[in-house]
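The values are calculated or read from the model by the stated rules, or taken from the named source; none is laboratory data. Keep in mind it's a predicted model, so treat the numbers as computed, not measured. Ideal geometry is used to build each Cβ from the backbone, glycine not excepted, and the neighbour counts take in all protein chains shown.
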Amino acid sequence: MANFLHRASSILLYAARASVAPASPAGGAPASAGPVDPDLIDDLVAANRILADQGVLDGYGHVSMRHPNNPERYLLSHSLAPELVTAADIMEHDLDSNPVDLRGRTAFLERFIHGEIYKARPDVNAVVHSHSPAVVPFGVSNVPLRPFYHMGAFLGVGVPIFEIRDVGGMTDLLVRNPELGRALAQCLADKPVALMRGHGSAIVGSSIPSAVYHAIYTDVTARMQVQALMLGGSINYLEPEECRLVAANIVRTIGRPWELWRRKALGR
């Protein structure tokens, strides 16, 4: 728990700093915000592997974290299957999603999901984009994803659905430019999860452990809700006050599952 708290406080340091975004050379790559604690990079690597292990990500999907030294930068691997991500694969981006140092690598096409959410949500320090098969059906039906299981209580604030047709008309459903990223961020608003119709989801957290927790238990809640619906009859969903009380408890205990998931993912 002590190690978790140390890393969590490190990733939130930027909020207490009056830092200014590094200037970007005219017509060139943006300037770097500087080196990052290797333990935090390991957290980001672990997040990719954890979510692959849990079946939330497969060969697709990605996880990012806000740069701990400057809120105008974020860290995301180059285009690579999440389970294969290592520390050497992590690249820095500005909030317009321009990579700082490509070095011949390919950036994710949908990196604008991350940059535009970080612009809109100063409280967010980690973003997950997933194509979880358990969650996708709730983005294409009139059955809302709702919590009835205490571990999914964070969903009690509502789960909006991003309809890309409203912004881009007929598209390939990919968030491939800043305009679509901004629209997704607006749809997400102040929520932890937004579904993306026919595509997947965007999930956020105040830290990497928080975002990973939200991603895993969004997937678990979706699978369990389908099972409950198949039983027939009505479902006794959580009340708003129950969601609030549960969420407060999870914040205090999230270090427990995070340390387990992280150790398994990194083999230490």
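Annotations for the structure displayed:
- Number of the condition not met by residue 38 [criteria: (1) farther than 30 Å from residue 221 by Cα; (2) out of contact with any strand residue (DSSP E or B) (no Cβ under 8 Å at 6 or more places or on another chain); (3) modelled with pLDDT under 95; (4) not acidic (Asp, Glu)]: (3)
- Unmet criterion (only one of (1) more than 14 Å from residue 181 (Cα to Cα); (2) among the small types (Gly, Ala, Ser); (3) crowded, with 17+ Cβ neighbours inside 10 Å) for residue 97: (1)
- If the condition is being in a loop (DSSP other than H, G, I, E, B) and more than 12 Å from residue 118 (Cα to Cα), then region 54-72 contributes 54, 55, 56, 57, 58, 59, 60, 61, 68, 69.
- For region 175-186, the criterion of being in contact with a Leu (Cβ under 7 Å, 6 or more places away or on another chain), touching a residue at least 40 places away in the same chain (Cβ under 8 Å) and not in a helix (DSSP H, G or I) is met by at least one residue.
Table: residues versus (1) of a type in the set (Phe, Trp, Tyr); (2) touching a His at 6+ places or on another chain (Cβ under 9 Å); (3) surrounded by 22 or more Cβ atoms within 10 Å (Cβ to Cβ); (4) at pLDDT below 95.
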residue: 84; (1), (2), (3), (4): no, no, no, no
residue: 112; (1), (2), (3), (4): yes, no, yes, no
residue: 116; (1), (2), (3), (4): no, no, yes, no
residue: 122; (1), (2), (3), (4): no, no, no, no
residue: 125; (1), (2), (3), (4): no, no, yes, no
residue: 139; (1), (2), (3), (4): no, yes, no, no
residue: 155; (1), (2), (3), (4): no, yes, yes, no
residue: 166; (1), (2), (3), (4): no, no, no, no
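- Answer residue from region 207-264, given it is of a type in the set (Ser, Thr, Tyr) and in a helix (DSSP H, G or I) and is surrounded by the most Cβ atoms within 10 Å (Cβ to Cβ) among those: 218
- Of all residues making up region 168-206, the number that are more than 11 Å from residue 117 (Cα to Cα) and either among the polar types (S, T, N, Q) or at pLDDT below 95 (or both): 4
- When 75, 51 are checked against the criterion of being buried (at least 21 other Cβ atoms within 10 Å of the Cβ) and in a helix (DSSP H, G or I), a single residue qualifies: 51.
- Residue that is within 29 Å of residue 42 (Cα to Cα), of a type in the set (A, V, I, L, M, F, W, C) and at pLDDT 95 or above, where the choices are 135, 143: 135
- Within region 242-268, considering residues that are free of Cβ contacts under 8 Å to residues at least 40 places away in the same chain and small (Gly, Ala, Ser), the one farthest from residue 83 (Cα to Cα): 248
- Complete set of residues in region 230-253 that are over 19 Å from residue 158 (Cα atoms) and hydrophobic (A, V, I, L, M, F, W, C): 230, 231
- Scanning region 88-105 for residues that are under 18 Å from residue 57 (Cα atoms) and not charged (D, E, K, R) turns up just one, 90.
- Check on residue 148, assigned to a loop (DSSP other than H, G, I, E, B), in contact (Cβ under 8 Å) with a residue 12 or more places away in the chain and in contact with a Ser or Thr (Cβ under 6 Å, 6 or more places away or on another chain): no
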